[in-house]
Each structure stands twice: as C-alpha cells, then as structure tokens.
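Coordinate-derived values only; no laboratory data. Note that the structure is predicted; figures quoted are calculated from it, not measured. With ideal geometry, Cβ positions are generated from the backbone for all residues, glycine too; neighbour counts draw on all protein chains shown.
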Amino acid sequence: MLFDVFENRIIVRGKIIASKPLHIGASDNGIDPVQVDLPVLKDRDRRPLIPGSSLKGVLRSRLEAILRNPALKGSWSSCNVINDDESCIEKYIDDIKERNKDNYRAIAEEIYQKSCDVCKLFGNKQMSSRLQIKDMMYIGERLEYERRDGVGIDRDSGTAYPRAKYNFEIVPAGALFDFYMVAENLEEKQRKLLNLMLKLLRDGEISVGGYASRGLGQIKLIDEKIDEIDKNNIASYYGLG
C-alpha cells in the first residue's frame with residue numbers, strides 16, 4: 001500500500017506520565033560553574049520535552065526484539081535495519097532497480113513487498129515511515145528539576161575513575177507530557193503492531209532517555225483517545241460530503 005491514495009489514518013491523542021524520574025540529555029555545554037553537568041533537554045521556555053524520535057526508536061527496538069522470538073518465526077519478520085548485511089531490503093535494492101529501470105512505481109512496490117513487517121511500519125533507507133510521533137511537550141505548572149550524582153567507572157578494574165564525579169538533571173516522576181501519534185495507510189498486520197505498541201505504553205513497559213539501568217525513564221500512556229478516518233467517514237471528516 002503506497003501513499004499516493006489516502007486509505008486510512010489513525011490518530012492517537014493522550015498524555016504521557018513519567019512513572020519514574022526521567023533524563024533525556026541535552027548537548028548544552030555552558031560555562032556557568034553552577035550549571036549541572038548533564039542537563040535535560042528543554043524547549044525555548046525551559047520546559048522539558050521528550051523527542052518523538054526518541055520514543056519512536058525505543059518502540060521500534062522493542063517490536064524488533066519481540067518479533068525475533070522463535071515462537072513467531074514464519075508469522076512475523078524483523079530485520080536489522082542498521083546493518084546492510086542483515087537488512088531485509090538492502091541486499092536486493094540494486095537488483096530491483098536494475099530490473100525495473102525507470103519504472104519508479106514498480107520499484108517502490110517491490111521494495112515494499114520485500115521489506116520486513118517492522119520496516120513496513122517504521123520505514124527504512126528506501127521507504128518512508130507510516131508512523132509519526134510528535135515531540136511530547138511538558139504540560140503543567142512550573143517544574144522543579146532534581147539533581148543526582150554519578151561517577152565514572154573503569155570497566156577493567158570496576159572501580160571509580162579519580163575525579164570522575166559528575167551530576168545530572170532529572171525530571172521528577174509524575175511529570176505530564178502531551179502525546180500525539182499518527183499512523184497512515186495501515187494494513188492488518190501493521191494495525192496489530194500499532195495495537196501492541198499502545199499496549200506497551202499503557203502498561204508502562206517502555207523507558208526513554210538515559211540511565212534506564214538505574215530505573216529511570218519509565219513512562220506510561222494515559223487519557224488515551226483514538227480517532228480513525230477511512231472510506232466510511234472521510235467525506236464528513238474533511239467536509240467533502
């Protein structure tokens with residue numbers, strides 16, 4: 001299913017709550033001596049945010065891991081999109097383009113058919129994603145950030161590096177962020193993956209940001225509302241009836 005014809009759109013709105021304290025780092029190398037070593041990412045109003053790309057990457061990784069389970073082999077497929085040798089499509093792309101010459105539609109259709117189930121939803125180097133997640137902006141009153149200490153560890157000795165102490169900023173548990181996800185032209189299997197992602201978010205099984213091994217970053221989807229536009233309501237939804 002390509003994008004030249006609108007088939008359906010699923011819009012998920014809601015709120016993300018930080019079940020645990022959250023740290024999504026910013027590349028802020030200020031010279032203020034009292035500034036925290038590792039601040040969190042903030043918008044221009046100094047409010048924290050969760051990049052949609054960060055959550056999308058975590059969700060993709062989780063789905064890839066689930067679909068690689070041997071119990072699902074044959075029913076679902078998932079590749080390693082980072083490694084061309086393990087990619088579902090990169091090893092075929094030269095042959096596809098050579099056989100189809102300048103027939104771009106045929107090229108696009110064959111790329112789609114050979115792509116794994118995860119790539120069909122999230123996209124790959126040759127194909128756009130069907131999923132959009134907007135940056136999640138903080139909603140609420142003025143926020144008091146917290147600070148925690150860390151220390152660099154020598155992996156060989158397992159002991160702390162001398163003078164390697166640092167501090168990092170965290171968003172406290174309970175912080176709320178708005179959530180907006182759009183999925184376009186989904187087929188049946190992609191709908192199942194979307195439902196799985198929403199279940200993982202509802203159940204609090206997803207963590208974002210740094211220091212997840214310390215228990216930080218757990219989030220949960222609440223106040224969820226789902227709208228779907230398809231052939232049955234497209235005319236009325238867009239005022240074309």
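Two decimals, Cα atoms only, Kirkwood Rh: what is Rg/Rh over region 32-132?
When Rh is taken as the Kirkwood radius, the ratio is 1.16.
State the extension gain, in nm to one decimal, for the chain segment bounded by Ser213 and Arg13, taking 0.36 nm per residue of separation less the distance between their alpha-carbons.
Once the chain is fully extended between Ser213 and Arg13, it gains 69.1 nm.
Using amide H atoms built 1.01 Å from N in the peptide plane, name the residues 5+ places from Ala175, or on other chains, whose amide H lies under 5 Å from its own.
Under 5 Å from the amide H of Ala175: Ala18.
Going through region 68-112, which trypsin sites (Lys or Arg not before Pro) have at most 10 other Cβ atoms within 10 Å and a DSSP loop state?
Lys101
Return the loop-located trypsin sites (Lys or Arg not before Pro) in region 204-241 (DSSP other than H, G, I, E, B) with at most 10 other Cβ atoms within 10 Å of their own Cβ; answer none if there are none.
Lys231
Please tell me which of these pairs span more than 23 angstrom C-alpha to C-alpha: Lys97/Lys134; Lys73/Lys114; Lys97/Lys192; Lys42/Lys192; Lys73/Lys97; Lys91/Lys125?
Exceeds cut-off: Lys97/Lys134; Lys97/Lys192; Lys42/Lys192; Lys73/Lys97.
According to a simple spin-label model (label point 7 Å from Cα along Cα-to-Cβ), what is the distance in nm between Asp37 and Lys199?
4.1
Expressed as an acute angle from 0 to 90° and rounded to the nearest 10, what is the orientation of the C-alpha long axis of helix 52-67 relative to the principal long axis of the chain?
70
So how tilted is helix 188-202 from the main axis of the chain? Cα-based, degrees 0 to 90, rounded to 10.
Orientation of helix 188-202: about 20 degrees from the principal axis.
Per residue of the chain, what 222 nm ellipticity follows from adding -39500 (n - 2.57) for every DSSP H run with n ≥ 4, rounded to the nearest 500?
Helices in the chain give a 222 nm mean residue ellipticity of -7500 deg cm²/dmol.
Just to confirm the number: angle between the C-alpha axis of helix 104-114 and the first principal axis of the chain, 0 to 90 degrees, nearest 10?
Approximately 70 degrees, to the nearest ten.
What area, in nm² and to one decimal, does the C-alpha convex hull of the chain cast on average over all directions?
Taking a quarter of the hull surface, the average projection is 18.7 nm².
Report, by chain and number, residues whose modeled amide H sits under 5 Å from the one on Cys116, excluding near sequence neighbours (fewer than 5 apart, same chain).
The answer is Cys88.
How high is the relative contact order of the chain, in percent, with contacts defined as C-alpha pairs under 8 Å that are six or more residues apart?
It rounds to 38 percent for the chain.
May I ask for the longest run of the chain untouched by GluC sites (Glu not before Pro) that are loop-located per DSSP and have at most 11 neighbouring C-beta atoms (other than their own) within 10 Å?
1-140
So between Met127 and Arg68, what do we pick up on full extension, going 0.36 nm a residue minus the alpha carbon distance?
Value of the extension gain: 19.1 nm.
Take every Cα pair under 8 Å in region 159-241 that's 6+ residues apart, average their separations, divide by the length, and report that relative contact order as a whole percent.
15
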